[in-house]
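Q: I am attaching a structure below and will ask some questions about it afterwards.
FYI, it's all coordinate maths here, none of it is from the lab. These figures come from a predicted structure and were not determined experimentally. In this analysis, Cβ positions are derived from the backbone assuming ideal geometry, glycine residues included, and neighbour counts consider all displayed protein chains.
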Amino acid sequence: MMKSNSKHKIESELTAYCGLFCGDCIRYKCKGAKLAGELIAEFNLKNYSEYSKIKKENAAEFNHFESSLQLLTSISNFGCNIPCRAGGDGCGGNCKIIQCVKEKLIAGCWECPAYVNCPKFTFLKPFHGNGPLKNLKLIKKHGLENWETHREKCYTWE
């Protein structure tokens, strides 16, 4: 069965420069980020910080309220709605892979002859292992529009 051109277009747009597939990413369109933001808003609306200061006298769990709020704030800022190839920030922050691809004026790392030994992939290893490099080989073999059904798992714990 042949996939539609629009599905190919969306899937190719969700292919990051490094070979990851944004559709598999925890950050991409993350419900957790939205929910964390809503929870923070609710806590602020009800002035929950003041409540927790009193409540912790009788419930030790509330001693961790402020640090939990910091974690929720981090999670609420964690989401990503724009893939890097469409102008997003990639894996959050100053991605050297994005900079390199743009400097070389290539579509992605799969077009670079040096990607196999590229040190810019080091920061991805703890989360993705060798998945990005394996995906780049798949993109070279199957093309940007047809590689996604062959892709590696996104995270090392999957």
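Q: Which one of Asn44, Leu20, Tyr115 has its Cα pushed farthest toward the positive end of the charge dipole of the chain, where Lys and Arg give +1 and Asp and Glu give -1 at the Cβ?
A: Tyr115
Q: I'd like the FRET efficiency for Glu13 and Ile40, computed as 1/(1 + (r/R0)^6) with the beta carbon distance as r and R0 of 41 Å, rounded to 0.05.
A: Using R0 = 41 Å, I get an efficiency of 0.85.
Q: Around Arg27, what is the net charge, scoring Lys/Arg as +1 and Asp/Glu as -1 over all other residues with Cβ under 13 Å from its Cβ?
A: +1
Q: Can you give me the P(r) profile for the stretch 31-76? Cα pairs, bins 5 angstrom wide beginning at 0, each as a whole percent.
A: It works out to 6, 23, 28, 23, 14, 5, 1, in whole percents.
Q: Here is a further query. I need the peptides 51-63, 132-144, 69-81 ranked by packing, meaning the mean over residues of other C-beta atoms within 10 angstrom, with the highest value on top.
A: 132-144, 69-81, 51-63
Q: What FRET efficiency comes out for the pair Asn47/Asn77, r = Cβ-Cβ distance, R0 = 22 Å, nearest 0.05?
A: Efficiency computed from Cβ-Cβ geometry: 0.50.
Q: Spin-label point model (7 Å from Cα, Cβ direction): what's the Lys134 to Gln70 distance in nm?
A: 3.7
Q: Which whole-Hz ³J(HN,Hα) couplings does the stretch 60-69 yield from phi under the Karplus relation 6.51 cos²θ - 1.76 cosθ + 1.60, θ = phi - 60°, glycine and proline marked x?
A: The phi angles translate into 4, 4, 6, 5, 9, 4, 5, 5, 5, 5 Hz.
Q: Right, next: Over the chain, what relative contact order in percent results from Cα pairs under 8 Å that are six or more residues apart?
A: 31
Q: Let me ask something else about it. Would you kindly calculate the translational diffusion coefficient of the stretch 13-158, applying Stokes-Einstein with the Kirkwood radius from alpha carbon pairs, for 25 °C and a viscosity of 0.890 mPa s, and quote it in µm² s⁻¹ without decimals?
A: In µm²/s, the coefficient is 141.
Q: Taking a threshold of 19 Å on the Cα-Cα distance, which of the pairs Lys9/Lys140; Lys29/Lys104; Lys29/Lys96 fall above it?
A: Result: Lys29/Lys104; Lys29/Lys96 exceed 19 Å.
Q: Before rounding to the nearest 500, sum -39500 (n - 2.57) across all DSSP H runs of length at least 4 in the chain and divide by the residue total; then give [θ] at 222 nm in deg cm²/dmol.
A: Here the helix-only value at 222 nm equals -13000 deg cm²/dmol.
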